[in-house]
1. Once each part is reduced to its C-alpha centroid, what is the distance from segment A:182-217 to segment A:1-68 in angstrom?
2. Amide H of B:PHE26 versus every other amide H placed in the peptide plane: which residues, excluding those fewer than 5 positions away on the same chain, fall under 5 Å?
3. Given R₀ = 45 Å, FRET efficiency for B:SER30-A:ASP27 by Cβ-Cβ distance, to 0.05?
4. Quote the charge dipole size of segment A:1-103 about the Cα centre in Debye, to the nearest 20; the model charges only the Cβ of Lys and Arg (+1) and of Asp and Glu (-1).
5. Any idea what log10 I(q)/I(0) is at q = 0.09, 0.12, 0.14, 0.18 Å⁻¹ for chain A, Debye with uniform C-alpha scatterers and no solvent?
6. Taking the number of other C-beta atoms within 10 Å as the exposure measure, put B:TRP95, A:TRP108 in order starting with the fewest.
7. Along the Cα-to-Cβ line of B:ASN191, 7 Å from the Cα, sits a label point; which residues in segment B:135-178 have backbone N less than 20 Å from it?
8. Work out the FRET efficiency for B:ARG20 and A:ALA205 from their Cβ-Cβ distance, taking R0 = 51 Å, and round it to the nearest 0.05.
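What follows draws every value from the coordinates through simple rules; no lab data is involved. Values in this document were obtained by computation on a predicted structure and should not be read as measured data. Using ideal geometry, Cβ is built from the backbone for each residue, glycine included, and neighbour counts are taken over all protein chains shown.
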Amino acid sequence: MSAPGTFQFCARLLHRQLLLAVRRPIDIGNPLLFFVMVVALFPLGLGPAPEKLADFAPGVLWITALLSNLLTSDTLFRSDFDDGSLEQLLLAPQPLYLSVLAYMLAHWLTTGLLLAVVAPVFAVMLSLPMAALGILVTSLLLGTAVLSLLGGIGAALTVGLKRGGMLISLLILPLYMPVLIFGSAAVEAAVSGVPAGPYLAILGAMVCLAIALAPLAVAAGLRISIDA
Amino acid sequence: MPTNSAGTPLLAAQTLSLVRGGRALFRDISFAVHAGQLWQIEGPNGAGKTSLLRILCGLARYGFEGRVQRPAPQLYLGHHAAVKGLLTPRENLAWHVSGADRYANEQIESALVRVGLYGYEDVPSHTLSAGQQRRVNLARLFLSSAPVWLLDEPFAAIDKEGVVALETLLEEHVAAGGAVLMTSHQAVQVNCEVRVLDLAGSVV
C-alpha cells in the first residue's frame, strides 16, 4: 500500500465531487433554473421591445450568471464540513492547495461551464446579436472560473458559520465586480463591432491570478474555520 | 506522567496548556507515546479531551501553548463519521478524502466484513443507521497503515459485539508495534497495559 500521488489524489477528489453532484441533480439544476427564471423576468419588467432588450442583454446575462454562481458558492465546503470530511481533508498528506483546486474545478464544471453552455439560448431570447454569442460563451467560461475560485474563498471563510449565506455575499461580491466589468464589456464590444480580445485577455489574466492565489486563501480559510 | 520508555516516541507532547473561555482545561501536560502503547485520555465532559486530540493531530494550530512532535503518520477519527450519504460504503473508503492509501477492492470488502457491514458495500450510506455509518468510518482502522491512531470516542453508537471486535483490533494494532491514543467514557477491556492520561488531574 502506498499513498496516492498528489495528482492522482486530486483526480480522485474531482471524480468524487462530480459523482456527488450527479447524484444530487437538484444542486446542478438550481443555479441553471435560477438563471432561466431571472433572465425571463427582464422582458417582463423592461418590456418586450427587442432593441431595448438587446441594449441590456450583455449586462443582464452577466449579472444573472454572477448571481447564480454566488447562489451555489456557499455549498462548496458546507456538507464536507458538516459530516467531518473536511477535517480529514486537512489532515491528508497531499498539499491542500491542489486539493481545494480540485474542489473548485468540480464546482466550476457543474455551474459555470453549464451556465456558459445554456447562456446563448437566453441571449437569443433577449435578442443579443448572433455575432456576439461566441464572445458571450468565451467570456462566461473564463469569468465563471474566476467566480468559482473567488467564491471558494468566501465559502472557506464562512463554512464554520451556521448561516453564512448573507455574509458570503458581502465578502465576495466586491471581488466579483472586476469580473463583471470586463465580462460584460467583452460582450458589449462584440455587439458594437469592436475587438473583444483585450477584454478576454484581461479575463484570462484574472483566471491565471485566481488559480495561483485563490487556493492559498481557501486553504488558509479552511484551516481557520476548522480551528475555530 | 510516565514518560520514560526506550526508543524514539511516535508522538510526543511537551508542556501543553489550553485555556478556553477563561478556564484552564489542562496545564503543562507532557507525555510521549511509544510503539506498543495504548493510552486512554480520561476526564469528565468538557475536560478538553477532544481539544487535546485535535491539538495532537494538528487540526488545532493556535490558541494553545506547548509543542507537539509527530514523527509518525497518524490516523485521526473524530466525532463526525466523515461518511458521505450519497456514496456507498465502498466508495466512501476507496475515495476517502484523507488521501492516505490506495486500497484494492478485496481489502475494502474484507474491512467492511470485519466491521459487520457484509452485504452493505453497495447501498447508499444515507440508508445506513448512525451506528453503521460509524462502522464505515471504523473500517478505515482495518485499512490503515498509519502507526499512530488518535480515536475520539470510537465506541460511541457501537453495539456490544462491535465494541469487543474493536477492542481486539486495538490489541492487535498495539501488539504489532502501533500506538493508540483514545478518549472513552467506558473502560477498555484489552489484554495489554492501558496508560491513563487524566485531564481532570492536570489542572492545579
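1. Using only Cα atoms to place each centre, the spacing works out to 18 Å.
2. The answer is B:LEU18.
3. Values: r = 48 Å, r/R0 = 1.06.
Between B:SER30 and A:ASP27 the formula returns 0.40.
4. The calculation lands at about 260 debye.
5. -0.38, -0.65, -0.86, -1.27
6. Details: B:TRP95 18, A:TRP108 23.
The fewest-first ordering by Cβ neighbours comes to B:TRP95, A:TRP108.
7. Zone members listed by number: B:161-178.
8. With a Förster radius of 51 Å, E is 0.65.
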